[in-house]
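Since the structure comes first, as structure tokens, the remarks are kept for the end.
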Amino acid sequence: MIKIKRQLTSGIIEGNDVTKKYKKVTALNEVSFSVKRNSITALVGSNGAGKTTLMRLFLNIIPKNAGTIKIDGLDSVNNYRAIRKMIGYLPEERGINEHYKPYEWMRFFSDVYKIKNWKQIFDGYLREFELWDFRKKTMETLSKGMKQKMAFIRLLMVPSKILILDEPSSGMDPLAVVQLKQKIMQFKKEGKTILLSTHQLSFAEDICEDIIVLNKGKKLFEGNISSFKKKGRFNNIEKAYIKLMRADYESYTSPV
């Protein structure tokens, strides 16, 4: 039996000088960060900032070029199988088969993950997320928001200590967003750690303690949201974010 080396630290997700390149494009440039245990952290930035790339690196879905990532003390490359068992991942691409009906789709997923009593669990979530009336429809007939809720339910079917959520509220109506926030806050009460990416800064402000801001592959800020707003000298997260982005843009365009 192989013994897994685990180095426990205060951060359950930690990165040191993480770099990822796609040919001539540097998606992440020596990014270092630490996500606290039992916290809700927002990962924000413009399109192409490197958010999705970073999340994929956590599970070793794609290889990094340099740096180290540790998840609960385990190296993301050497121990990726063990790491994948502790992380619930909601990817940007939801992986929904459009021609399946919800039960067919979930039966396939449950067989893969050997989930016992999956139908009883699934029925409960369908009712909770107001999808019960659509259980016999094919996925292609559901709205974008409904598909998003289905993908989130799939995430809930397998217990995980860490949740990585890429744009979890995408396409959801206001009531569904409120329900999602409540669920994420419940996860924290249960002792889970949640890292989520979002373009909705108000969403992050409502439920997150900490924020990591990326732009053009580099980290611009890491810390609690109150400090972020104070840094921008605003009591408004959107204004603080805009000020930070403008300052970074000017640093790129100003002559040396």
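Laboratory data are not the source of any read-out in this text; all were calculated from the coordinates shown. As the structure is a prediction and not an experimental result, all values here were calculated from the model. Every residue, glycine as well, gets a Cβ built from its backbone with ideal geometry; the counts of neighbours run over all protein chains shown.
Which residue, Thr138, Thr193, Thr68, tops the fluctuation ranking in a GNM of the chain built on C-alpha contacts under 10 Å?
Highest fluctuation of the listed residues: Thr138.
Under a plain spin-label model, where a point goes 7 Å from the Cα along Cα-to-Cβ, how far apart in nm are Lys137 and Lys23?
4.0 nm
Starting from the 7 Å offset along Cα-to-Cβ, what nm value, one decimal, do you get for the label separation of Asn117 and Ile242?
It works out to 5.1 nm between the two label points.
Kindly put Asp166, Asp123, Asp75 in sequence by how many other C-beta atoms sit within 10 Å of each C-beta, fewest to most. List each step's numbers first, then the result.
Details: Asp166 21, Asp123 14, Asp75 18.
Listed from fewest to most nearby Cβ atoms, that is Asp123, Asp75, Asp166.
Go through Lys21/Lys243; Lys51/Lys229; Lys70/Lys161 and tell me which ones have a Cα-Cα distance over 24 Å in this structure.
On the way: Lys21/Lys243 28 Å; Lys51/Lys229 21 Å; Lys70/Lys161 15 Å.
Beyond 24 Å: Lys21/Lys243.
Quick check for you: which residues of region 84-126 have the amide N under 20 Å from the point 7 Å beyond the Cα of Lys144 toward its beta carbon?
90-99, by backbone N distance to the label point.
Checking the table Lys20/Lys85; Lys181/Lys216; Lys219/Lys239; Lys101/Lys218; Lys136/Lys189; Lys116/Lys219 against a 30 Å threshold on Cα-Cα, which pairs fail? Spell out each step's value before the answer.
Details: Lys20/Lys85 24 Å; Lys181/Lys216 28 Å; Lys219/Lys239 18 Å; Lys101/Lys218 41 Å; Lys136/Lys189 34 Å; Lys116/Lys219 42 Å.
Pairs exceeding 30 Å: Lys101/Lys218; Lys136/Lys189; Lys116/Lys219.
Contact order normalised by length for region 115-232, with contacts defined as Cα pairs under 8 Å and 6 or more residues apart; what percent is it?
On the way: 97 pairs, mean separation 21.5, N = 118.
Here the relative contact order equals 18 percent.
Among Tyr89, Tyr80, Tyr22, whose mean-square fluctuation peaks in a Gaussian network model of the chain (Cα, cutoff 10 Å)?
Greatest mean-square fluctuation among the candidates belongs to Tyr22.
Return the inverse of the average 1/r over all pairs of distinct C-alpha atoms in the chain, which is the Kirkwood hydrodynamic radius, in Å to one decimal.
Details: mean 1/r = 0.0514 Å⁻¹.
In the chain this quantity evaluates to 19.4 Å.
Provide the gained length on full extension for the span Asp206 to Leu175, in nm with one decimal, where the gain is 0.36 nm per separating residue minus the Cα-Cα distance. The partial results should precede the final answer.
Values: separation 31, 0.36 × 31 = 11.16 nm, distance 1.46 nm.
Length gained, Asp206 through Leu175: 9.7 nm.
If the cut-off is a Cα-Cα distance under 18 Å, which aspartates and glutamates reach Lys147, setting aside same-chain residues fewer than 8 apart in sequence?
Partners found: Glu92, Glu93, Glu98, Glu104, Asp123, Glu128, Glu130, Asp133, Asp166, Glu167, Asp173.
Hey, in the GNM for the chain with a 10 angstrom Cα cutoff, which one of Asn235, Asn117, Asn224 fluctuates hardest?
In the Gaussian network model the winner is Asn117.
In what order do His199, His99 fall by count of nearby beta-carbon atoms within 10 Å, going from fewest to most?
His99, His199
Please give the helix 118-128 orientation as an angle from the longest Cα principal axis of the chain, in degrees from 0 to 90, rounded to the nearest 10.
70 degrees
How far, in degrees from 0 to 90, does helix 174-189 lean away from the longest principal axis of the Cα atoms of the chain, to the nearest 10?
On a 0 to 90 degree scale, this one is about 80.
Please give me the summed charge of the neighbours of Asn29: other residues whose Cβ is under 11 Å from its Cβ, Lys and Arg +1, Asp and Glu -1.
Values: positive: Lys20, Lys21, Lys216, Lys218, Lys219; negative: Asp17, Glu30.
With Lys, Arg at +1 and Asp, Glu at -1, the net is +3.
Given an 8 Å cut-off on Cα distances and at least 6 residues of separation, report the relative contact order of the chain as a percent. Mind dumping the intermediate values first?
Details: 429 pairs, mean separation 62.9, N = 256.
Computed over the chain, the figure is 25 percent.
Using 7 Å Cα-to-Cβ label points, what is the Arg84/Thr68 separation (nm, one decimal)?
Distance between the two pseudo-spin positions: 2.3 nm.
Determine, for Asp72, Asp111, Asp17, the number of other Cβ atoms within 10 Å of each Cβ, and report the residues in order from fewest to most. Can you show the working numbers first?
Working: Asp72 21, Asp111 10, Asp17 13.
Placing the least packed residue first, the sequence is Asp111, Asp17, Asp72.
Could you give log10 I(q)/I(0) at q = 0.09, 0.10, 0.23 Å⁻¹ for region 141-256, computed by the Debye formula over C-alpha point scatterers of equal weight, without solvent?
Summing over Cα pairs of region 141-256 leads to -0.31, -0.37, -1.32.
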